[in-house]
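Got a structure for you, written out below as structure tokens; questions coming shortly.
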Amino acid sequence: MQIGIIAEGTSDQAVITNILRGLGLDGSDILPLRPDLQEDETDKNYKISEYKGGTWQGVKNDCLEREESVFEDFFWVEDNRFIVIQLDTAEAGDKDFGVIQPDKKAENYSTELRKNVIEKINEWIENQYEDELLYAVCIEETEAWILTIFQTTDTSKSADPKKKLLEVEAPKNKKTKQKSKEKLSHYYDRLTKDFRKSKKLKQFAKRNQSLADFIAQVQEKLENT
Amino acid sequence: MYKNLIIKNFKSIYEDEIELGRINVFIGENGSGKSNILEALVFFSLGQKGDIINAEALYSLGMRATKPKLTISAFKNSELLEEFRITVDNEKIDFNPENVDDIFSDWKSLLEIGTGLGESFDDGFVITNKDLLAVLQMKDNEKIINNKFLREFIMYKQKTQEIVNYVIYCLNTKSLRGIYNESRKNPLGINGENLDVLLANFDKEERNQILEYKYLISWLEDFFIDTDDRLKLQGYKINRSQSGLYFQDKFMAQKNNIFSSENSNEGILYVLFYLALFISKRTPKFFAIDNIETCLNPHLCTETMRILCKLAKENDRQALIMTHNPAILDGLDLNDDEIRLFEVYRNDSGHTKTRRIKLKPNTKSKRKLSELWTRGFLGAISKEF
């Protein structure tokens, strides 16, 4: 089995990779697909590059242009292949994306918002490849998932998870501080090493519903493959 | 053709099995262990031959010889092992060094012949490389015929005759030019030596076959060997090179169009070497090529690879080929089961593993294999950056 990852950023890829390792996959079975490898240095520096745009926009482009882009190419290889699409919900409400926002105070807010984001992704790809897709929908930000390593309370209620992780929790310990000149993706890989441990991952999932939902979907796929 | 290769406890390979085709191309990030796969077969070849196995013998066949304790896998948290095992089509050879700390140590090989050899031989037997040497030196045919052990051995030798000539070719320009003559291997040296001598001994059929591919080098009118070595006296080279190979450029004036391999363009030397290797009746039938793309333009990589696949079939060659250039992949027809592509990678424990890359027959994808690789869809790239 091989799993490709379409993510908003390389740091998100690092986090998803460690979660998949915790679910029994080897790092060599995981292939980062987006971002990064689609562009060369000329593209990146070309001012009117079509690749410019928000991170949601980048993922959306991959979904909309599926025949010219990731899906046909990736699934051409004969293997048990799946793609994780990662999106956090911070940009979900933007008018360009128009994801229906459930009541934040509702008990099932996370699950409902995840469902709405998945519906939006499936709309972009016209409901193709549904059996091959895994949805890593991080409510608010991916950092809310990482926070489960640092705190025992429910992290989906955290107001600004990125700030809390990088300015409050991680700097408390020398080992989890970002080193000078350390690439963000390497830092996030280091921060989330505990996700690779199956038992710990199960504990962390109890602290964030959207993380638990993603893990449940991957596990179901692994069991049926 | 050899179909199955199993490597156990050799360098970065803890355990791996490869189902070989005729042309086998290996891709993977630097340090993934591609060359280790090619090198495992050097040991197997020497073990089969019954030759003495030591650093010098290994080096002469294209292997990077190291201390025995670095040759046998030594992963963190694993016990230290004393031997490694290579199996080709059910024939197993165990290798263990006389001194693990000594780079010059001789290696003992223990050959286990058995399964699949014949009805009379169910249990297999083992034989050391010294025994093998003794058997090879025997002249009394009568003794051989009356001895079941030796009878089986002869069958075994027939089955494995191609692998004893196995070498890894890793070309460099100065050897191709005839300036360095390090490898004494015949008919072609492992770094590109002796190309002129082999070409000089081509028969008509071989020469006609190689000339079919003259179009690969756009400026090439013809090539020839200056057997009398007169051209060097006429100033066509400063004679650093011992090669008598010369080329004629079709765009230059007729009396002013000769280049020596000492001063010619590099690409032609590499292309000519590979063509000669796949065409000559004297070259090994089973071999490996490390970094086949060296000095070749991407488009030339693709076309050369396409031709080598065709020649391998026509001239019954089997090759393991390692490359870092995506354009090589565009010369492979993966719908042909004899043409195989493998990703070589290291898993989370650092063990080298291989995975055959197959494509579904129908696709809407418009990309070339080279693009799939550079975009990360085949793996075989670093994930660190």
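Quick note: the coordinates plus some simple rules give every number you see, no bench work behind them. Being a predicted model, the structure only gives us computed values, none of them experimental. Positions of Cβ are generated from backbone atoms using ideal geometry, with glycine treated the same way; all protein chains shown enter the neighbour counts.
Using θ = phi - 60° and the Karplus form 6.51 cos²θ - 1.76 cosθ + 1.60, what ³J(HN,Hα) does each residue of segment A:216-222 get, whole Hz, x for Gly and Pro?
Whole-Hz 3J(HN,Hα) from phi for segment A:216-222: 4, 5, 5, 4, 4, 5, 5.
A 30 angstrom limit on the alpha carbon distance is what I want to check against. Which of A:Lys162/B:Lys383; A:Lys115/A:Lys197; A:Lys181/B:Lys383; A:Lys197/B:Lys11; A:Lys162/B:Lys353 exceed it?
With Cα atoms farther than 30 Å apart: A:Lys162/B:Lys353.
What does the C-alpha gyration tensor say about the overall shape of chain A? Classify as rounded when a/c is under 1.5, otherwise prolate if a/b is larger than b/c, or oblate.
Rounded, since a/c falls under 1.5.
Still on this structure: Once you charge only the Cβ atoms, +1 for Lys and Arg and -1 for Asp and Glu, what is the size of the charge dipole of chain A about its Cα centre, to the nearest 20 debye?
Its charge dipole is roughly 1920 debye.
Provide the net charge surrounding A:Tyr109, with neighbours chosen by a C-beta distance below 10 Å and charges set as Lys +1, Arg +1, Asp -1, Glu -1.
Combined, the nearby Lys, Arg, Asp and Glu give +1.
Report the extension gain between B:Glu384 and B:Arg184 in nm, rounded to one decimal, defined as 0.36 nm multiplied by the number of residues separating them, less their alpha carbon distance.
67.9 nm
Also, quick follow-up: Apply the Karplus curve 6.51 cos²θ - 1.76 cosθ + 1.60, θ = phi - 60°, to the phi angles in segment A:124-135 and return the couplings in whole Hz, x for Gly and Pro.
Couplings: 4, 9, 6, 6, 8, 6, 4, 6, 9, 9, 10, 10 Hz.
Quick query: amide H of B:Glu221 versus all other amide H atoms, modeled in the peptide plane; which residues come in under 5 Å with a sequence gap of 5 or more or a different chain?
Excluding prolines and chain starts, which carry no amide H, the hits are B:Gln248, B:Asp249, B:Lys250.
Computed FRET efficiency, Cβ-Cβ of A:Gln57 and B:Arg356, R0 51 Å: what is it to the nearest 0.05?
0.90
Report the local net charge at A:Lys177: Lys and Arg +1, Asp and Glu -1, summed over other residues whose C-beta lies under 14 Å from its C-beta.
After counting each charged neighbour, the total is +3.
Right, next: When the Cα centres of segment B:24-82 and segment A:137-193 are compared, how far apart do they sit, in Å?
Between the Cα centres of segment B:24-82 and segment A:137-193 lies a distance of 44 Å.
Sort out for me the Cα centre separation of segment B:170-240 from segment B:257-276, rounded to whole Å.
7 Å
Which of A:Thr152, A:Thr111, A:Thr42 moves the most in a Gaussian network model of chain A with Cα springs under 10 Å?
A:Thr42
For the pair B:Lys76 and B:Asp106, how long in nm is the line joining their label points, each one 7 Å along Cα→Cβ?
A separation of 3.8 nm, rounded to one decimal place.
If you don't mind, there's one more thing I want to ask. Between A:Glu223 and B:Lys255, what is the spin-label point distance in nm, taking each point 7 Å from the Cα along the Cα→C-beta axis?
8.8 nm
Set the Förster distance to 35 Å, then compute FRET efficiency between B:Lys313 and A:Asp26 from the Cβ-Cβ distance, nearest 0.05.
0.45
Would you mind ranking A:Tyr187, B:Tyr274, B:Tyr169 so that the residue whose beta carbon has the fewest other beta carbons within 10 Å leads the list?
Fewest to most other Cβ atoms nearby, the residues stand as A:Tyr187, B:Tyr274, B:Tyr169.
Quick one: net charge of B:Asn99's neighbours, Cβ under 10 Å, K/R +1, D/E -1?
For residues surrounding B:Asn99, the net value is -2.
Residue by residue through segment B:273-290, which ³J(HN,Hα) values in whole Hz follow from phi under the Karplus form 6.51 cos²θ - 1.76 cosθ + 1.60 (θ = phi - 60°), with glycine and proline marked x?
4, 5, 4, 4, 4, 8, 9, 4, 7, 9, 7, x, 8, 9, 7, 10, 10, 9
Now for a separate question. Comparing A:Ala14, A:Ala159, A:Ala170, which has the greatest mean-square fluctuation in the GNM of chain A with Cα pairs linked when under 10 Å apart?
A:Ala159
Something else now. Grab the DSSP H runs of the protein assembly as shown that are 4 residues or longer, score each as -39,500 (n - 2.57), total them, divide by all residues and round the 222 nm result to the nearest 500 deg cm²/dmol.
Rounded to the nearest 500, the figure is -9000 deg cm²/dmol.
Let me ask you something else. Explain nothing, just the number: relative contact order of chain B, from Cα pairs under 8 Å at least 6 residues apart, as a whole percent.
20 percent
Between A:Ser180 and A:Glu107, with labels modelled 7 Å along Cα→Cβ, what's the label distance in nm to one decimal, could you check?
5.2 nm
Among B:Phe43, A:Ile85, B:Ile258, whose Cα lies farthest out toward the positive end of the dipole of the protein assembly as shown, if unit charges sit on the beta carbon of Lys, Arg (+1) and Asp, Glu (-1)?
B:Phe43
Right, something else. Which listed residue (B:Tyr213, A:Thr153, A:Ile118) has the Cα farthest towards the positive end of the charge dipole for the protein assembly as shown, taking +1 on Lys and Arg C-beta and -1 on Asp and Glu C-beta about the Cα centre?
Sorting the options by dipole projection puts first A:Thr153.
Evaluate the relative contact order of segment B:207-345 (contact order divided by residue number), counting alpha-carbon pairs under 8 angstrom at least 6 apart; express in whole percent.
Dividing the mean separation by the residue count of segment B:207-345 yields 19 percent.
While we're looking at this one, here's another question. Would you work out the relative contact order for chain A, in percent, from Cα pairs under 8 angstrom that are 6 or more residues apart?
So the answer I get is 27 percent.
Separate question: Given a 10 angstrom Cα cut-off, can you work out which residue in B:Lys11, B:Lys281, B:Lys364 is the most mobile in a GNM of chain B?
B:Lys364
With a Förster radius of 35 Å, plug the Cβ-Cβ distance of A:Glu78 and B:Glu205 into 1/(1 + (r/R0)^6) and report the FRET value to the nearest 0.05.
Calculated value: 0.35.
Go through B:282-290, B:227-235, A:92-100 and give me the packing order, highest mean Cβ count within 10 Å leading.
Packing order, densest peptide first, comes out as B:282-290, A:92-100, B:227-235.
Same structure again: At a Cα cut-off below 25 Å, give the lysines reachable from B:Lys204, other chains included and same-chain residues fewer than 8 away excluded.
Correct list for B:Lys204: B:Lys185, B:Lys214, B:Lys250, B:Lys281, B:Lys285, B:Lys310, B:Lys313.
Using the crude model of +1 on Lys and Arg Cβ and -1 on Asp and Glu Cβ, and no other charge, please compute the dipole size for the protein assembly as shown relative to its Cα centre, in debye to 20.
Dipole size: approximately 1360 debye.
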